[in-house]
Amino acid sequence: MIRFEQVGKVYPDGTTAVRDLSFEVAEGELVTLVGPSGCGKTTTMMMVNRLIEPTAGRVLVAGRDVRGADPVLLRRGIGYVVQQGGLFPHRTVLDNTATVPALIGWKRARARARAAELLDLVGLDPAVYGPRYPAQLSGGQRQRVGVARALAADPPVLLMDEPFGAVDPVVRERLQNEFLRLQATVRKTVLLVTHDIEEAVRMGDRIAVYGEGRIEQYDTPAVVLGAP
Ligand code: ADP
Ligand code: ADP
């Protein structure tokens, strides 16, 4: 579903963020990208939805080079979850969740019905939380809304950048488990960035272990843990 072919990125200031990335993510697979800060995980992820353009190699989504794709159409098929949910502060939770369906032209009533369904799916009662503003939610709840919003247009691919990063360990574990249960039903192709090896192991069908600017190991959690 997602394929990197000898991909490199050198930023205009000369910083080499990543080099020679070659890996593949199968349909319905959840791959975690793990490594210390600054090793190139976010750069890798943002080349999938073309928020960043590679300077070498190519990135394919569903068999097509993303460089040939219309960025708007491309991003319609790729949900994006960032830390704290990345919510619009001046819109209610329901309106935040209905943003994408509304953008792609769904009628207001249908977009809002879909948003309510998704809030339910991530464990937030839409009648209670739908009318609230993001500042009236806990960190964990904001992150759940971020996931609901990313799933709104039912994209086949989901990119998650430290989605469970900004909450305490107990809440984090709950969110991780909730997401795994959700993923078992929706089966998205997921790239998940984390600097937490435990999270990478717990969540990933496969793990890409980053060293500086490159992937040092790409394998199942069992193999990664068993490695010397
Ligand atoms: P990670 O997500 O693993 O923390 P990043 O992909 O954000 O790593 O960054 C990889 C490297 O690229 C770092 O050295 C970072 O400082 C550098 N970098 C990231 N964005 C830019 C940019 N816009 N311009 C120059 N260098 C950048
Ligand atoms: P979670 O486990 O999801 O992170 P918390 O334990 O942090 O939830 O929050 C518990 C409850 O407190 C939640 O129902 C949430 O709605 C409420 N809450 C948290 N922060 C705020 C706030 N700033 N304003 C109103 N309610 C809040």
Counting just the Cα atoms, what span does region 1-136 cover along each of its three principal axes? Round to the nearest Å and put the largest first. 49, 30, 28
From zero outward in steps of 5 Å, how is the percent of C-alpha pairs of the chain spread across the bins? 1, 7, 15, 18, 19, 16, 12, 7, 3, 1, 0, 0
The convex hull of the Cα atoms of region 186-228, divided by residue count, gives a volume in Å³ per residue of 85 Å³
Which of the lysines could a cross-linker span from Lys41 if the Cα-Cα distance has to be under 16 Å and same-chain partners fewer than 8 positions apart are dropped? Lys9
Checking the a/c ratio against 1.5 first, then a/b against b/c, what shape does the Cα gyration tensor give for region 40-83? oblate
Hey, what does the equivalent ellipsoid look like for region 117-186, semi-axes from the Cα gyration tensor as sqrt of 5 times each eigenvalue, largest first, whole Å? 17, 16, 11
Can you give me the C-alpha center-to-center distance between region 155-228 and region 87-149, rounded to a whole angstrom? 24 Å
Loop trypsin sites (Lys or Arg not before Pro), region 48-116 (other Cβ atoms within 10 Å of the site Cβ: 16 or fewer; DSSP): Arg91, Lys107
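By the gyration tensor of its Cα atoms, with a ≥ b ≥ c the square roots of the eigenvalues, what is the shape of region 67-109: rounded for a/c under 1.5, prolate for a/b over b/c, or oblate? Please list the in-between numbers first.
Working: a/c = 3.18, a/b = 1.36, b/c = 2.33.
Because a/c hits 1.5 or more and a/b fails to exceed b/c, region 67-109 counts as oblate.
Taking only the Cα atoms of region 103-228, how large is their convex hull per residue, in Å³?
134 Å³
Throughout, read-outs are computed from the coordinates displayed, never taken from laboratory work. Computed from a predicted structure; not experimentally measured. Using ideal geometry, Cβ is built from the backbone for each residue, glycine included, and neighbour counts are taken over all protein chains shown.
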